[in-house]
Amino acid sequence: MNKNAPTLGVLLLAAVATPAVSEVVPGTDLSVHFESGQIIGSGRHINMLRVPVINVKTGQTTFYDAAFKFTFVPGAGFEFEQISSAILSPPLAVTNLVTGLYKTTDNQCFELKGPTQIGARSLYTLTPQSSIPGCFGGRLTAQIVSGAASGHPDIGAREIVPFLSDQYVYGVISNRGFGQDISINWEENELIGLRQSGDNLIIGLFSEGTDNEGKPQDFKDPVETAILTRVADE
């Protein structure tokens, strides 16, 4: 471990003080956009998903997933211990969801079932699963339909649709969540999005609260995110 590595506190202060802008790597034509990635913390790990690296001359974009591991030194605080990254093949085939059993970090278990063909789209269902040893069945249920948000049979009429990213496939919650990773904040009729990253199923919640008419208030970016890891079928 590098004793001279910056502490986590220094890095966080620098992040707060620095505007969210891209930065070209010295000596290259590559511009790194950490501000466009998705940051998720778990234990001693910080994961940054789909960080764009852009060739400023050609405009070509390559996406990376990066993982940062920290250790804690008494009297010094958090320090880097390990960094790893993996290149993703663009474009990400978000419609290629991998069905099966998944578990959250707080041991909720779910099964992603499907696909069932509905016209040119595919229907998936996410339901609680309590048969996996070591975890309990969550409560969240949802249905997800592949394809673009525009023209989506379940969410096509929602005002947020023109602003939604194509990096997710979207659906609607039919039964609210319960737990830590997927909590009671995940409520009926709210908008969710799914995308696959290896053995991880990333679920974003795109709604929070209600408007003056009592309808879910939607956002173009996730207000909460849960990462589920695929487990072997029992």
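The values are calculated or read from the model by the stated rules, or taken from the named source; none is laboratory data. The shown structure was predicted, so the numbers you read here are calculated from the model rather than taken from an experiment. Don't worry about glycine lacking a Cβ; one is built from the backbone with ideal geometry, like all the others, and counts go over all protein chains shown. Protein only, heavy atoms only, side chains kept; ligands, DNA and RNA dropped before computing areas. Shrake-Rupley method; radii C 1.70, N 1.55, O 1.52, S 1.80 Å.
The number of residues in region 165-220 that are open to solvent by 40 Å² or more (accessible area, probe 1.4 Å) and closer than 19 Å to THR141 by Cβ comes to 10. Summed over region 103-125, the residues that are free of Cβ contacts under 8 Å to residues at least 40 places away in the same chain, touching a Leu at 6+ places or on another chain (Cβ under 6 Å) and within 15 Å of ILE203 (Cα to Cα) give a count of 1.
When GLY75 is tested against the conditions (1) of a type in the set (Gly, Ala, Ser); (2) more than 16 Å from the chain's Cα centre (by Cα); (3) in a strand (DSSP E or B), the lone failure is (3). Taking region 140-163 as the range and being open to solvent by less than 10 Å² (accessible area, probe 1.4 Å) and part of a strand (DSSP E or B) as the test, the residues that pass are ALA142, ILE144, VAL145.
Here SER85 meets each of (1) out of contact with any Phe, Trp or Tyr (no Cβ under 6 Å at 6 or more places or on another chain); (2) on the phi < 0 side of the Ramachandran plot; (3) at pLDDT 60 or above with one exception, condition (1). Of all the numbered requirements in (1) in contact with a Pro (Cβ under 9 Å, 6 or more places away or on another chain); (2) touching a residue at least 12 places away in the same chain (Cβ under 8 Å), GLY100 misses one, and that requirement is (1). If you check ILE202, ILE192, ILE173, ILE184 for being of a type in the set (Val, Ile, Thr), more than 20 Å from SER122 (Cβ to Cβ) and touching a Phe, Trp or Tyr at 6+ places or on another chain (Cβ under 9 Å), only one passes: ILE184.
The single condition among (1) open to solvent by less than 30 Å² (accessible area, probe 1.4 Å); (2) farther than 18 Å from ILE227 by Cβ that CYS109 does not meet is (2). Residues that are closer than 22 Å to PHE110 by Cβ and polar (S, T, N, Q) within region 122-168 comprise SER122, THR125, THR127, GLN129, SER130, SER131, THR141, GLN143, SER146, GLN167, listed in sequence order.
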